[in-house]
Protein chains: 2
Amino acid sequence: MRVRLDLAYDGSGFSGWAAQPGLRTVEGVLSDALTTVLRAPQQVRLTVAGRTDAGVHARGQVAHADVDSAAWGSLPGRSDRPASDAAARRLSGVLPSDVVVRRVSVAPEGFDARFSALSRRYRYRILDDPTAADPLRRHDTVLVRDRLDVGAMDQAARGLLGLHDFAAYCKRREGATTVRTLLDYRWDRDPAGVLEATVVADAFCHSMVRALVGAAVRVGQRREATSWPAEVLASGHRDPRVTVMPAHGLCLEEVAYPPDEELAARAEQARAVRSVD
Amino acid sequence: MRVRLDLAYDGSGFSGWAAQPGLRTVEGVLSDALTTVLRAPQQVRLTVAGRTDAGVHARGQVAHADVDSAAWGSLPGRSDRPASDAAARRLSGVLPSDVVVRRVSVAPEGFDARFSALSRRYRYRILDDPTAADPLRRHDTVLVRDRLDVGAMDQAARGLLGLHDFAAYCKRREGATTVRTLLDYRWDRDPAGVLEATVVADAFCHSMVRALVGAAVRVGQRREATSWPAEVLASGHRDPRVTVMPAHGLCLEEVAYPPDEELAARAEQARAVRSVD
């Protein structure tokens, strides 16, 4: 029996999503909590939509776990509420304050948190005016020294949209494709003066969002033309002038899935395209 | 020579504003930083607009300090920039990341950060839906178990506006008046589902905002009628049903001052009214 978990976390205190021996990771903490709540004889394993790096946050992360249906059914819930509610409440009693399980639900047939996803949406926050700094947001906002031209950054970002080989913005991995569809990439300044990037793609390769942000920042500093990020993309090679920006400005905001009847087909298709990524 | 400091801080790591031996306080940290930057022979003393309690945050705090004009003038700034800019930059180099000096300026004649202020504006943040919790905002948002009726809370809040003796919402202090003018008090729900209170008064007595919020929460839980907070006010006595809400939901957002030519008169007037508070 497969359950879907909708999650939010403050990445500051984690060595990223993926479980690693001896390190505090979101996967490790959540897997422990699920194993405890379900009294599972073996560690519950998780599959996640976005394997966030150390320090990266999430408000809309999605994971799935295959659990024993007997253990699930025996969760002490109230008769008028489904076992999902009991699971969510019990998980919140076990989890530390920097991870929140917003929703637990029985996954529909064919659902795979990673491969059924149609797209991932990330946000990146930058402040370019130290006198406007909000210490309460220092954990999810990156401060840069130079004032940035947000209009130029937005124009540069839009020049990257579409289906491309993003090798120039990816850490290459053996056997993994770097072809992605960038569905949205734009820059706005919010009322508090913070620059926010919205970045949506079918999937991202490693460090891709933070490299895309780094290229735009260089344009915002007027050190490169607005056409430069697209030129780097076309070259197919990483450019040392593209900085991979700090992790703490980045947050996974949303993962989108197709209607239930298309979940299995979508998973099959994505698995074929992204063999190892 | 008097300088004005505009400040923001994350109150989580501080035992409040006021310097206390052996405790980490905002005043202590800032006074040390100013003393260092100005190479003052004696500890620089500060006067503040809002003496925030332990755990309370600020985005719009204002303080003043009387400094030696020779030390001020010798700050190594660039010739095209005033000493204020050099002071702000040097302070930011010395201060920890949970305090930001947003602006340093030479105070106009008659300015007193505390007594010249016309009003203080606070914000209080409450989330009433655990499944919507954002771990990145857990340091400035209070989670309550029951769903709250924000319309009823707003109506109750507006019933408290005006010039009153707020003794029922204050910790009484010998020789201090509890008469205040509540200029604004309202409740809204933001797009993320967070309930935000806006509370503005000429001045606040100790724990007043958090008690006003506690009374409204009880109305929001439908445990009392919307008229109840005004009835408590009229009684003139603290009511044990009014909870003083947790500090970390509270933030001092703004301090308002009159035009320069009215600063001295305003300070004289406020000093006469609030002798010891």
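The values are calculated or read from the model by the stated rules, or taken from the named source; none is laboratory data. Note that the coordinates shown come from a computational prediction; the quantities given were computed from them, not determined experimentally. Cβ: placed from backbone, ideal geometry, glycine included. Neighbour counts: every protein chain shown.
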**Q.** segment A:155-201, residues that are touching a residue at least 40 places away in the same chain (Cβ under 8 Å), within 18 Å of A:Glu231 (Cβ to Cβ), of a type outside the set (Ser, Thr, Tyr) and not in a strand (DSSP E or B)
**A.** A:Gln155, A:Ala156, A:Ala157, A:Gly159, A:Leu160, A:Phe166, A:Ala167, A:Ala168, A:Cys170
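Return the total of residues in segment A:134-152 being assigned to a helix (DSSP H, G or I) and within 14 Å of chain B (Cβ to nearest Cβ). If you could, list the steps in order and put the result at the bottom.
Here is the first cut: in segment A:134-152, the residues assigned to a helix (DSSP H, G or I) are A:135-137, A:150-152.
Next, only the ones that are within 14 Å of chain B (Cβ to nearest Cβ) stay: A:135-137.
Selection size over segment A:134-152: 3.
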Q: Would you point out which residue out of A:Gly93, A:Gly55 is modelled with pLDDT of 95 or more and under 25 Å from B:Ala192 (Cα atoms)?
A: A:Gly55
**Q.** Complete set of residues in segment A:153-182 that are hydrophobic (A, V, I, L, M, F, W, C) and either touching a strand residue (DSSP E or B) at 6+ places or on another chain (Cβ under 9 Å) or within 14 Å of another protein chain (Cβ to nearest Cβ) (or both)
**A.** A:Met153, A:Ala156, A:Ala157, A:Leu160, A:Leu161, A:Leu163, A:Phe166, A:Ala167, A:Cys170, A:Val179, A:Leu182
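Hey, could you check segment A:237-277 for residues that are among the β-branched types (Val, Ile, Thr) and within 19 Å of A:Trp187 (Cβ to Cβ) and say which is surrounded by the most Cβ atoms within 10 Å (Cβ to Cβ)?
We begin by selecting, within segment A:237-277, every residue among the β-branched types (Val, Ile, Thr); these are A:242-244, A:255, A:273, A:276.
Remaining after also requiring within 19 Å of A:Trp187 (Cβ to Cβ): A:242-244.
Working: A:Val242: 22, A:Thr243: 13, A:Val244: 18.
Ranking the qualifying residues of segment A:237-277, first place goes to A:Val242.
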Q: Determine whether B:Leu75 is of a type outside the set (Phe, Trp, Tyr), more than 24 Å from A:Leu127 (Cα to Cα) and part of a helix (DSSP H, G or I).
A: no
Q.
Which residue is nearest to the other protein chains (Cβ to nearest Cβ), if the candidates are limited to segment B:80-109 and must be assigned to a loop (DSSP other than H, G, I, E, B) and surrounded by fewer than 17 Cβ atoms within 10 Å (Cβ to Cβ)?
A. B:Ser97
(Q) Every residue in segment B:110-124 that is surrounded by fewer than 21 Cβ atoms within 10 Å (Cβ to Cβ), away from chain A (no Cβ under 14 Å) and in a strand (DSSP E or B), please. (A) B:Ser119, B:Arg121
Q: Report the residue count in segment A:202-223 for those that are in contact (Cβ under 8 Å) with a residue 24 or more places away in the chain and either among the polar types (S, T, N, Q) or in a loop (DSSP other than H, G, I, E, B) (or both).
A: 8
